[in-house]
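These notes concern the structure reproduced below.
The values are calculated or read from the model by the stated rules, or taken from the named source; none is laboratory data. None of the values given here were measured: they were computed from a predicted structure. Here the Cβ positions follow ideal geometry from the backbone for every residue, glycine too, while neighbour counts run over all protein chains shown. Ligands, DNA and RNA are excluded from the accessible area calculation, which covers all protein heavy atoms including side chains. Shrake-Rupley method; radii C 1.70, N 1.55, O 1.52, S 1.80 Å.
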Amino acid sequence: MRRLLVKADDYGFTEAISLGILKAFRCGLVRSTAVMVNMPDAASSVRWLVQQPGLCVGLHVNVVIGKPCADLSEVGGMIDDHGQFHSSAYCRTALGAGQDPIPDLRQARCEVEAQIRRFIHLTGRRPEYL
């Protein structure tokens with residue numbers, strides 16, 4: 001028997017995306033979603049997740065859009081002058097120009113750990129997956 005698991009990324013990116021994911025879950029299309037905890041609508045959208053028994057909820061680790069969860073002084077190589085993550089377009093351009101846009105492992109780890117802590121703070125539980 002073949003089985004298909006449909007996972008919806010970007011929960012919390014916007015209210016509309018989050019509501020769309022919830023609708024897809026209620027219709028039986030989606031069984032899993034990943035929360036982008038550093039996005040502005042994450043905190044308000046997460047409250048709806050507790051009302052969805054059976055929905056697998058993980059963390060969408062995000063280091064290319066929005067502001068970091070970690071202290072800016074800890075992830076300085078990953079952000080621009082406005083405190084936003086370097087975009088994936090920025091990284092592609094840098095690679096094309098022969099530069100290395102890959103963040104320092106210590107900074108990346110610091111940000112991922114901060115996102116895990118924020119996920120736990122927002123949801124009251126650990127992510128089921130990363």
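Annotation note: Cβ proximity below 9 Å between a residue of the range 63-87 that is under 20 Å from GLY12 (Cβ atoms) and at pLDDT below 95 and a residue that is open to solvent by 70 Å² or more (accessible area, probe 1.4 Å) and hydroxyl-bearing (Ser, Thr, Tyr) (sequence gap 6+ or interchain) occurs for VAL64/TYR90. Under the condition of being over 19 Å from LEU59 (Cβ atoms) and touching a strand residue (DSSP E or B) at 6+ places or on another chain (Cβ under 6 Å), the residues counted in the range 1-23 number 0.
Return the residues of the range 108-126 that are in a helix (DSSP H, G or I) and without any contact (Cβ under 8 Å) to a residue 24 or more places away in the chain; say none if nothing qualifies.
Of everything in the range 108-126, those that are in a helix (DSSP H, G or I) and without any contact (Cβ under 8 Å) to a residue 24 or more places away in the chain turn out to be ARG109, ILE120, HIS121.
Selection of the range 1-38 for residues being loosely packed, with under 15 Cβ neighbours inside 10 Å and touching a Pro at 6+ places or on another chain (Cβ under 7 Å) yields an empty set. With respect to LEU59, is the statement that it is open to solvent by less than 50 Å² (accessible area, probe 1.4 Å) and within 22 Å of ILE120 (Cβ to Cβ) true? So LEU59 passes the test. Across the range 98-130, the qualifying residues are those that are surrounded by 12 or more Cβ atoms within 10 Å (Cβ to Cβ) and of a type in the set (Gly, Ala, Ser), and the one among them that is nearest to GLY76 (Cα to Cα) is ALA108.
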